[in-house]
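Peer 1: I have a structure here, written as structure tokens, and I will follow up with some questions on it.
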Amino acid sequence: MGANPRLILEQDLHESSPSPISRAGGPVDGPLLDAYSSAVVAASERVGPAVVHVEVVQAPQPGGGEARRGTGSGFVFTPDGFILTNSHVVHGARRIRVSFAEGTTQDADLVGDDPDTDVAVIRVAGHQLPTAALGSSRGLQVGQLAIAIGNPFGFQHTVTAGVVSALGRSLRSMTGRLIDDVIQTDAALNPGNSGGPLVNSRGEVIGVNTAIIPYAQGICFATAIDTAKWVMERLLRFGRVRRGYIGVAGATIPISRRAVRFHGLDAESGVRVESLEPAGEATRAGVEPGDVIVRYDGESVAGIDDLQRLLTAERIGKRTAVTVLRRAQKLELPIQAAETPAR
């Protein structure tokens, strides 16, 4: 007597099935995920609900023309609606709209932005919103897992994963100032990812995705979260980041070894003053075009980036000294930094 074909079929299906079937009709993949996949899935589930899509309408350019539109990403970091994003996404925006993962959309207000670090804070009305936990970038290691979440090309809540490729990079912002301690990653970023979170395997935000190198593959950058938190605190308090300003335009130039030895300088380069603001602090101090700035407030100035780093909020209004080379002379001139005008 032959076997029942139906029983044989059901037995074969049962024995060959690699995993139980979920209620949705697909395999239950949880037990089959490796550690890497589990970390990516867990981090994206933890942070994803806090990631938002940012749509911006820019003010029309002087002289007419249509208002420009742009998009980016951001993430909620407080339950009452404060959101971190990029300055270049929202700077000068006439209207900001934010879309959440569950589909709701709200208008957002600009709290403040800092083009020098490409960090901005916006806010929507709400309470008990899902938030992303802010981690620290101080203990990062090259090679550790990095997960980017954002809205590239409008594809909302896209997750990509890679590693931290390098630490301590410097990236020039749109204002020309260097952003220090930038994280390099190979987690794929595209236009629209700007402002989204870069997170670690625990789902903690370690950076704010900010830039890619066009035509390069796997070279993407994020502002370190420690930098973003420092900027965020000042934006929440003052609406902007206060920095010092002395009213000079300069360029980094080499200094001859003979001059370095003669004047006892710490570096073989300095900042040549190309132009001065007529009523600026450097003009009042007696700085002249052609002078080479080699020290500020007793610290060595090897280039324009050093001078910008030294012009901190703590030096605003403080009477100090700028050291310049003028032909064969080394002069120390009294100077008092003002606050950088709002952009």
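Peer 1: Going 7 Å from the Cα of E299 in the Cα-to-Cβ direction, what parts of the range 221-245 have a backbone nitrogen less than 15 Å from that spot?
Peer 2: 243-245
Peer 1: Still on this model: In Å², what does the accessible area per residue of the chain work out to with a 1.4 Å probe? The partial results should precede the final answer.
Peer 2: Working: 17960 Å² over 343 residues.
The answer is 52 Å² per residue.
Peer 1: Keeping the other protein chains in place, figure out the carbon and sulfur percent of the accessible area of the range 184-291, with a 1.4 Å probe. Write out the running numbers ahead of the final one.
Peer 2: Values: 2580 of 5150 Å².
Summing carbon and sulfur atoms, their accessible area is 50 percent of the total for the range 184-291.
Peer 1: Over the chain, with a Gaussian network built from C-alpha contacts below 10 Å, which listed residue (G74, G303, G139) shows the highest mean-square fluctuation?
Peer 2: Highest fluctuation of the listed residues: G139.
Peer 1: Run the quick spin-label model on I219 and R258: label points 7 Å from Cα toward the beta carbon, then report their separation in nm to one decimal.
Peer 2: 4.0 nm
Peer 1: Using a 10 angstrom cutoff on alpha carbons, build the Gaussian network for the chain and name the most mobile of R68, R202, R240.
Peer 2: Comparing R68, R202, R240 in the GNM, the peak value goes to R68.
Peer 1: A further question follows. Choose one of F238, P214, G126: the residue whose Cα lies farthest towards the positive end of the charge dipole of the chain (beta-carbon charges +1 Lys, Arg; -1 Asp, Glu; about the Cα centre).
Peer 2: Highest projection toward the positive end goes to F238.
Peer 1: In addition: Restricting to DSSP H runs of at least four residues, report the calculated mean residue ellipticity at 222 nm for the chain, -39500 (n - 2.57) per run over all residues, nearest 500 deg cm²/dmol. Mind dumping the intermediate values first?
Peer 2: Values: 7 runs with 62 residues, N = 343.
Estimated from H runs of four or more residues: -5000 deg cm²/dmol.
Peer 1: Counting Lys +1, Arg +1, Asp -1, Glu -1, what net charge surrounds F221 among other residues with beta carbon under 14 Å of its beta carbon?
Peer 2: -2
Peer 1: Work out how far the C-alpha atoms of the chain reach from end to end along every principal axis, then list the three figures in whole Å, largest first.
Peer 2: Largest to smallest, the principal-axis extents are 113, 47, 35 Å.
Peer 1: Another one. Tell me which of V57, H157, T252 sits at the most positive position along the dipole axis of the chain, charges placed on C-beta atoms (Lys, Arg +1; Asp, Glu -1).
Peer 2: Comparing the listed Cα positions along the dipole, T252 ranks first.
Peer 1: Please list the three semi-axes, largest first and in whole Å, of the ellipsoid equivalent to the range 208-343, using sqrt of 5 times the eigenvalues of its alpha carbon gyration tensor. Working shown, then result.
Peer 2: Values: eigenvalues 182, 88, 34 Å².
The answer is 30, 21, 13 Å, longest axis first.
The values are calculated or read from the model by the stated rules, or taken from the named source; none is laboratory data. These numbers come from a predicted model, not from an experiment. Cβ sites come from the backbone with ideal geometry, for glycine too, and all protein chains shown count toward neighbours. Remember, those area values only see protein heavy atoms, side chains included, never the ligands or the DNA or RNA. Shrake-Rupley method; radii C 1.70, N 1.55, O 1.52, S 1.80 Å.
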